[in-house]
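Please treat every number below as a calculation from the coordinates, not as lab data. Since we're looking at a predicted model, the values are computed, not measured. Using ideal geometry, Cβ is built from the backbone for each residue, glycine included, and neighbour counts are taken over all protein chains shown.
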Number of protein chains: 2
Amino acid sequence: MTRPAPPPGSPPSSPPTQRDPDVGRRALRELRHRITTGVLAPGAQLHEQSLADELAISRSRLREAFARLEATGLIDRTPNRGAFVHRLTIAEARDVFQAREALESMCAGLAARNAPPESWQDLVDLFAAPTQALVEAGDFEGYLANVALFRRRMIQAAGNQTIAELLGPLLDRSAVAMRRVILATNRASDGLVQYRAVIAALRAGDAEAAEQRKRAQLHEAWAALERYHRLVL
Amino acid sequence: MTRPAPPPGSPPSSPPTQRDPDVGRRALRELRHRITTGVLAPGAQLHEQSLADELAISRSRLREAFARLEATGLIDRTPNRGAFVHRLTIAEARDVFQAREALESMCAGLAARNAPPESWQDLVDLFAAPTQALVEAGDFEGYLANVALFRRRMIQAAGNQTIAELLGPLLDRSAVAMRRVILATNRASDGLVQYRAVIAALRAGDAEAAEQRKRAQLHEAWAALERYHRLVL
DNA sequence: GTATATTAAATTGTTGACAATTTTTTCGCC
DNA sequence: GGCGAAAAAATTGTCAACAATTTAATATAC
């Protein structure tokens with residue numbers, strides 16, 4: 001049977017909006033974005049009705065999104081009390097950085113083994129003068145964007161979907177704290193040096209070095225976070 | 001305010017059953033158990049109404065459990081089609097074992113550093129004669145139980161909640177395949193040797209060796225799975 | 001008899017209403 | 001005015017009915 005014709009005037013090929021899974025995904029992305037950028041601060045409460053109204057979705061669909069955010073550790077829900085943006089403790093931050101060290105160092109090694117050395121040249125160039133200029137100009141958002149780009153490239157080159165899916169939530173969870181450290185402590189120039197070292201190892205096709213230097217980079221990042229944890233957590 | 005007295009005859013201290021979060025958790029555990037043990041085979045479809053009836057919960061609550069199972073990768077849901085027990089592909093299995101290698105080797109190192117060497121003595125003993133006897137008697141369930149015990153101890157000693165929560169789903173996902181390899185190929189005696197080596201390193205307080213040997217153990221396990229993947233996937 | 005279209009049944013997704021719980025406000029009392 | 005109990009409001013969790021979609025069954029043409 002052909003589907004009953006949509007009322008004249010409604011856009012022809014738009015999914016029936018009633019069951020479009022995309023509308024839920026959009027809301028989920030929006031919430032994740034607000035949390036990882038700090039628009040929704042750690043500890044903030046998320047009220048169902050008002051949020052649902054604002055995002056123009058029903059409460060049930062918002063709750064579906066909540067379930068996913070909870071599963072990835074971005075929010076905490078306590079029965080009958082509500083949902084709150086997850087607040088990183090110092091102990092949990094340490095755990096997260098240890099997990100990232102294990103997974104990202106493996107990624108670095110895999111990336112070095114999988115991708116041809118020449119394929120990293122553009123990142124060598126990007127992290128030389130251009131990113132240096134960004135840091136010196138105090139454009140930390142630009143710096144962070146380049147770092148994110150490198151990370152995506154590394155993870156993609158590693159070719160491990162499972163690790164990629166584990167790292168996503170871990171990066172989201174540490175995003176706010178990382179950003180605060182960068183903004184508050186001028187650590188970007190230190191970080192830049194570390195990233196250059198990792199990229200150089202990839203460019204040289206040296207998997208061992210790439211792995212080792214990614215480990216070192218995360219150790220440094222953790223040390224900085226620990227030093228300023230009263231400020232950023 | 002004191003809660004209004006329950007109708008006479010109803011068990012006094014039972015939570016109002018209407019909103020008890022435990023009932024949902026029980027159903028979730030039951031489903032996870034059925035999947036990881038293979039009672040619900042990879043690819044099997046999970047129908048909402050019949051399952052809800054069987055578990056004596058409402059459909060909405062079952063769907064909540066489905067959301068969690070999907071988030072941990074134990075089931076796949078396709079819109080309007082239903083939920084199916086996740087089926088591991090060979091490529092994904094490789095990814096999972098790489099991720100486990102990264103995380104479990106880190107755990108082994110942390111465990112060696114955190115826990116006093118003497119604390120591993122009971123596992124040294126357990127994996128000597130007693131487990132050897134189990135393997136020789138063909139009691140693979142007993143063998144797997146001991147392996148699970150060791151893993152719990154190692155993860156607990158590592159003291160990293162985040163890694164523990166990442167490993168849980170990974171272990172669940174590979175559980176069925178692992179079990180099939182053991183049962184079908186007599187690989188238990190090989191595995192036993194590897195586990196003994198890891199435990200010996202922990203007993204000696206040698207973090208480097210523990211890490212390295214855990215890596216080796218997982219490499220071996222992966223090699224076995226790859227060899228027999230047509231049989232077990 | 002096989003293939004294709006049509007109808008019916010079964011299944012999933014979403015909504016709105018209701019119940020249980022928490023939080024806020026109001027009221028009485030000292 | 002401050003403290004505590006009671007009532008009211010707001011908020012979350014659950015359910016049952018309904019809508020949308022897929023799957024199975026039936027009929028029809030060739």
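How many nm separate the modelled label positions at B:Glu136 and A:Arg63, each set 7 Å beyond the Cα in the direction of the Cβ?
Calculated label separation equals 5.8 nm.
According to a simple spin-label model (label point 7 Å from Cα along Cα-to-Cβ), what is the distance in nm between A:Asn114 and B:Asn114?
Each label point is offset 7 Å from its Cα along the Cβ direction, giving 3.0 nm.
Nearest 500 deg cm²/dmol is fine: what mean residue ellipticity at 222 nm does the protein assembly as shown get from its DSSP H runs of n ≥ 4 alone, each adding -39,500 (n - 2.57), divided by its residue count? Can you show the working numbers first?
Values: 22 runs with 323 residues, N = 466.
When only DSSP H runs of four or more count, the value is -22500 deg cm²/dmol.
From the label point of B:Arg25, set 7 Å along Cα to the beta carbon, how far off in nm is each other copy's matching point, shortest first?
Result, one decimal in nm: 3.3.
What are the nm distances, shortest first, from A:Glu226 to its equivalents in the other copies, labels at 7 Å along Cα→Cβ?
Listed shortest first, these distances are 3.6 nm.
Other chains near B:83-94: what is the mean number of their Cβ atoms within 10 Å of each residue's Cβ?
1
Treating the point 7 Å from Cα along Cα-beta-carbon as the label, what are the nm separations from A:Arg151 to the other copies, to one decimal?
The projected label point of A:Arg151 is separated from its counterparts by 2.8 nm.
Let me spell out the model: positive unit charges on the Cβ of Lys and Arg, negative unit charges on the Cβ of Asp and Glu, origin at the Cα centre of the protein assembly as shown. What dipole size does that give, in debye rounded to 20? Can you show the working numbers first?
Numbers: 62 positive and 54 negative charges, 200 e Å.
Approximately 960 debye in magnitude.
Taking only C-alpha pairs under 8 Å that are 6+ residues apart, what is the relative contact order of chain B in percent?
Relative contact order comes out at 24 percent.
Can you tell which of A:Pro169, A:Ala145, A:His86 lies farthest toward the positive end of the dipole of chain A, using +1 and -1 charges on the Cβ of basic and acidic side chains (Lys, Arg; Asp, Glu)?
The Cα lying farthest towards the positive end belongs to A:His86.
Nearest 10 degrees, 0 to 90: what angle lies between the long axis of helix A:59-71 and the longest principal axis of chain A (Cα atoms)?
For A:59-71 against chain A, the angle is about 20 degrees.
Could you sort B:185-195, A:106-116 so that the peptide with the highest average Cβ count within 10 Å comes first and the rest follow in order?
Listed from highest to lowest mean packing, they are A:106-116, B:185-195.
Run the dipole for chain B about the Cα centre, Lys and Arg Cβ at +1, Asp and Glu Cβ at -1, nothing else charged, and hand back the magnitude in debye, nearest 20.
560
Given A:Ala201, A:Thr185, A:Ala99, which one lies farthest toward the positive end of the charge dipole of chain A, if we put +1 on the Cβ of every Lys and Arg and -1 on the Cβ of every Asp and Glu?
A:Ala99
Taking the Cα centre of region A:14-99 as origin, sum charge times position over the Cβ atoms of Lys and Arg (+1) and Asp and Glu (-1), and report the length of that vector in debye to the nearest 20.
60
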